[in-house]
Amino acid sequence: MMLGGPSATKPATAEIQAIADQVKSQLEEKVNKKYPTFKATEYMSQLVAGTNYFIKVQVADDDFVHIRVYESLPHENKALALHDYQTNKTKQDELTYF
């Protein structure tokens with residue numbers, strides 16, 4: 001991975017699902033919608049002064065959202081934060097930097 005650049009897209013892990021789950025309520029509040037399904041399917045990460053996670057999340061049969069989550073450095077002791085999101089995505093939409 002290039003320093004500061006995003007990693008290659010990888011299949012989501014249990015850790016990535018946990019990160020997505022922790023910001024689910026933040027996304028639901030921003031879009032004023034509840035997501036009964038919230039399954040992380042793939043992700044990229046980017047090392048900055050902390051870590052940005054770009055996560056593709058399945059929210060219905062063929063409805064996906066892309067979320068960008070920021071995890072601060074451990075010594076900062078801050079909660080995960082939803083920094084940006086893109087709705088109306090499909091399974092085929094490539095996960096990219098945003």
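The values are calculated or read from the model by the stated rules, or taken from the named source; none is laboratory data. Owing to the predicted nature of the structure, the values given are computational and were not obtained by experimental measurement. Methodologically, a virtual Cβ is constructed for each residue, glycine included, from the backbone with ideal geometry; neighbour enumeration extends over all protein chains shown. Remember, those area values only see protein heavy atoms, side chains included, never the ligands or the DNA or RNA. Shrake-Rupley method; radii C 1.70, N 1.55, O 1.52, S 1.80 Å.
Looking at segment 25-37, is at least one residue of a type in the set (K, R) and in contact with a helix residue (DSSP H, G or I) (Cβ under 8 Å, 6 or more places away or on another chain)? First the steps, then the outcome.
The first filter runs over segment 25-37 and keeps only residues of a type in the set (K, R), leaving 30, 33-34.
Within this subset, residues satisfying the condition of being in contact with a helix residue (DSSP H, G or I) (Cβ under 8 Å, 6 or more places away or on another chain) are 34.
Yes - at least one qualifying residue is present in segment 25-37.
Can you work out which of the residues in segment 20-40 that are aliphatic (A, V, I, L, M) and touching a Leu at 6+ places or on another chain (Cβ under 6 Å) is surrounded by the most Cβ atoms within 10 Å (Cβ to Cβ)?
Of all residues in segment 20-40, those aliphatic (A, V, I, L, M) come to 20, 23, 27, 31, 40.
Narrowing the set further to residues that are touching a Leu at 6+ places or on another chain (Cβ under 6 Å) leaves 23, 27.
Working: V23: 24, L27: 20.
Looking at the filtered set, the residue picked out is V23.
Quick one: which residue in Y43, Y53, Y85 is under 16 Å from D21 (Cβ atoms), open to solvent by 70 Å² or more (accessible area, probe 1.4 Å) and within 9 Å of the chain's Cα centre (by Cα)? Steps first, please.
Numbers: Y43 fails: open to solvent by 70 Å² or more (accessible area, probe 1.4 Å); Y53 fails: open to solvent by 70 Å² or more (accessible area, probe 1.4 Å).
Unique residue meeting the criteria: Y85.
For segment 53-71, check the following and say yes or no: at least one residue is among the aliphatic types (A, V, I, L, M) and more than 20 Å from P11 (Cα to Cα).
The initial filter retains those residues of segment 53-71 that are among the aliphatic types (A, V, I, L, M), namely 55, 57, 59-60, 65, 67, 69.
Now restrict to residues that are more than 20 Å from P11 (Cα to Cα): none.
No.
Confirm whether I16 is free of Cβ contacts under 8 Å to residues at least 40 places away in the same chain, crowded, with 19+ Cβ neighbours inside 10 Å and not aromatic (F, W, Y).
Numbers: free of Cβ contacts under 8 Å to residues at least 40 places away in the same chain: yes; crowded, with 19+ Cβ neighbours inside 10 Å: yes; not aromatic (F, W, Y): yes.
Taking the combined requirement at face value, the residue satisfies it.
Q58 passes all but one of (1) open to solvent by 20 Å² or more (accessible area, probe 1.4 Å); (2) in contact with a Leu (Cβ under 9 Å, 6 or more places away or on another chain); which number fails?
Q58 satisfies all of (1) open to solvent by 20 Å² or more (accessible area, probe 1.4 Å); (2) in contact with a Leu (Cβ under 9 Å, 6 or more places away or on another chain) except (2).
Take segment 24-33 and flag every residue that is modelled with pLDDT under 95 and among the aliphatic types (A, V, I, L, M).
V31
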